[in-house]
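J.: Let me begin by handing over the structure; questions about it come next.
The values are calculated or read from the model by the stated rules, or taken from the named source; none is laboratory data. This one's a predicted model, so the numbers in the text were calculated from it and none came from an experiment. Here Cβ is always computed from backbone atoms with ideal geometry, including for glycine, and neighbour counts include all displayed protein chains.
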Amino acid sequence: MFRLSTPTRLSPHESDFVLAANSTPSNGEKDGGVQEALTSRRTVYRYKRKKVPDRTLESAFEAASNAPCHKNTHPWKFYVMGEKTRESLIPEIEKWRRKNRQMEKN
């Protein structure tokens, strides 16, 4: 959770950020900790093999689309893959990896 350590005069934009960081989503539902996960830094090396709920994805995409970016360029893209798509891509990725490994050896 975002907290100010010392009394500070905030601009209107900063005040909105503090309020948003400390509030419950407007629909009244819990967001599954998405806001906390987005604002706390950690590196993940292992992932759980369980489906991320659609509401959690929607909340994450909403937060990301409101993130500041250079000159409002929004240079990021988001992709969501289901299990069938992921499974169908694995053979292609393996083929690409083998081909590139051979190229590195040459």
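J.: Under 7 Å between Cβ atoms, at least 6 apart or on separate chains: pull out the pairs that start in region 37-53 with a residue that is within 20 Å of MET81 (Cβ to Cβ) and end on any residue that is surrounded by 10 or more Cβ atoms within 10 Å (Cβ to Cβ) and at pLDDT below 80.
T.: PRO53/GLY32
J.: Right, something else. Residue by residue through region 62-99, note down the ones that are of a type in the set (Ser, Thr, Tyr) and exposed (fewer than 10 other Cβ atoms within 10 Å of the Cβ).
T.: Going residue by residue through region 62-99, those that are of a type in the set (Ser, Thr, Tyr) are 65, 73, 79, 85, 88.
If the condition is that a residue be of a type in the set (Ser, Thr, Tyr) and exposed (fewer than 10 other Cβ atoms within 10 Å of the Cβ), then THR73, TYR79 are the ones that fit.
J.: Could you please find all residues in region 56-94 being assigned to a helix (DSSP H, G or I) and either in contact (Cβ under 8 Å) with a residue 60 or more places away in the chain or of a type in the set (Val, Ile, Thr) (or both)? If you could, list the steps in order and put the result at the bottom.
T.: Filtering region 56-94 for residues assigned to a helix (DSSP H, G or I) gives 56-65, 70-72, 83-94.
THR56, THR85, ILE90, ILE93 - these are the residues of region 56-94 that are assigned to a helix (DSSP H, G or I) and either in contact (Cβ under 8 Å) with a residue 60 or more places away in the chain or of a type in the set (Val, Ile, Thr) (or both).
J.: Spot the failing condition for GLU29; the list is (1) acidic (Asp, Glu); (2) at pLDDT 65 or above; (3) over 14 Å from the mean Cα position of the chain (by Cα), and only one is missed.
T.: The failed condition is (2).
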